[in-house]
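Below: one structure, written as structure tokens.
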Amino acid sequence: MISDEPENLVALRDQIRLWALELGFDMVGFAPAVTPPNYQFYLDWLQAGHQAGMAYMKRQAEARQDPNAIFPFVDTIIVVGLNYKPEAYGQPLDLKPHQGRVAAYARGSDYHTVFWKRLDLLLQKIQSQRPQVTGRAIADSAPLMERDYGQLAGLGWIGKNTCLIHKKIGSLTLLGELLLDLPLPPDEPFTADHCGTCTRCLDACPTQAFEGPYQLNAQKCISYWTIEHKGEIPEEIAQNLHGWVFGCDICQEVCPWNRKSPVGQSEELMGDGRFDNPDLLQWLEKQDSEWQKAIKGTALERTKRAGLMRNACHVLSANGVQDAIPKLQRIMQNDSDQFVRQAAAQALKHLEVDSNVGTVL
Ligand code: SF4
């Protein structure tokens, strides 16, 4: 811990806030490095098995209790947010059955890189004033209950859909943190809950993934199955992805706090439209090298080509796209990934094609 006069620390905190905004962050707040207020709620969630196959959530349970586990001697957590709301958000979609949907946050550059670059610059600015200060930049890359710290930093409340909601910016934001061994005065925590009697997110979820307010069961969540889950997707889930090939935004799309929120200004996160409503028939035709080029530097690298192809096979079959049949037959026989071959076989079965002989029944 580095000692300093309190008034100097207030001035430094205010200066850091300005720097963060100058670096393009849409929100910034200061939280103390304490045990996250919802830690017990998180343990109960694990106990109920709602983390599904994300075994790391359980493994990292202890670390999430104390931010010192990820950065020793941490005193302050600076929480920053980037708004990724696309221009066309909320406009009616007229999707063709062969088009898929990608979560809005993943359509541009990989947010990890965007955060790390800006947070490193922020740390450099802080060190220009206090050379002895050390810090660690986090972008969804360490076991930290970031929404809790966002709330403690006064940025908003955790909605019934489990997202952090900022009163002006809404919930279409990504969070990052800079952990510092410098005791800056924290902001006032956000204590109100502006969800009120609304239950739109809970009602709109097509797979009933919310067991109740604030309780998301990953076992039923489209985002979990399309991104986190590796391998085969069970039939009943595969046929209920509702067009999503990477993530899902439904519980945010219906949230009234996202209706009038401003459009994001970080160009890197907005993407060039390639992944807005992709043509999945074209996806099935892509060569490995084309995939590598297409997803390099984006958040889609998390599932890699295989995850995206698997999901595309399922969406096309659920939507009854007959034009996909010859492509699926080729994939079932030749694809290099066993789960993609399996997904193609599953898709063909659903399209009522005998996947053994390749004929329409
Ligand atoms: S949709 Fe309603 S209940 Fe759900 S997070 Fe938004 S305001 Fe809260």
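All of the numbers you see were taken from the coordinates with simple rules; none came from a lab. This is a predicted model, so every value here is computed, not measured. Glycine gets a Cβ as well: all are built from the backbone with ideal geometry, and neighbour counts include every protein chain shown.
Before moving on, here are some points about what is shown:
- Start at zero, step by 10 Å, and the Cα-Cα distances of the stretch 50-96 spread as 18, 23, 26, 22, 11, 1 percent across the bins.
- Within the chain: Cβ-based charge dipole about Cα centre, in debye rounded to nearest 20 (Lys, Arg +1; Asp, Glu -1): 500
- Relative contact order (%) - the stretch 200-360, alpha-carbon pairs under 8 angstrom, separation at least six: 22
- Calculated on C-alpha atoms, the gyration radius of the stretch 200-360 divided by its Kirkwood radius gives an Rg/Rh of 0.99.
- Whole-angstrom gap from the stretch 163-238 to the stretch 1-65, using each part's C-alpha centre: 16
- Long pairs among 230/349; 85/167; 96/260; 85/220; 260/296; 96/230, criterion Cα-Cα beyond 23 Å: 96/260; 85/220; 260/296; 96/230
- Structural size metrics of the chain, computed from C-alpha coordinates, are Rg and Dmax of 22.0, 79 Å.
- Relative contact order (percent, whole number), the chain, Cα cutoff 8 Å, 6+ residue spacing: 22
- Rg [Å, one decimal], Dmax [Å, integer] - the stretch 122-162, C-alpha atoms: 13.9, 42
- For the chain, the longest site-free run once trypsin sites (Lys or Arg not before Pro) in DSSP loop states with at most 14 other Cβ atoms within 10 Å are removed: 1-166
- Based on the Kirkwood approach, the hydrodynamic radius assigned to the stretch 179-247 is 15.0 Å, with every pair of different Cα atoms included.
- Of the chymotrypsin sites (Phe, Trp or Tyr not before Pro) found in the stretch 256-361, no site is in coil according to DSSP while having at most 10 other Cβ atoms within 10 Å of its Cβ.
- Our analysis of the stretch 105-212 gives Rg over Rh at 1.04, with the two radii drawn from alpha carbon positions and Rh computed by the Kirkwood formula.
- Rg over Rh [alpha-carbon atoms, Kirkwood Rh] for the stretch 286-343: 0.98
- Normalising the Debye intensity of the stretch 79-138 to I(0), with uniform scatterers on Cα atoms only, and taking log10 at q = 0.20 Å⁻¹ returns -0.86.
- Across all directions, the average projected area of the convex hull around the alpha carbons of the stretch 29-158 is 10.8 nm².
- Taking every DSSP bridge with both residues inside the chain, close to 95 percent are antiparallel.
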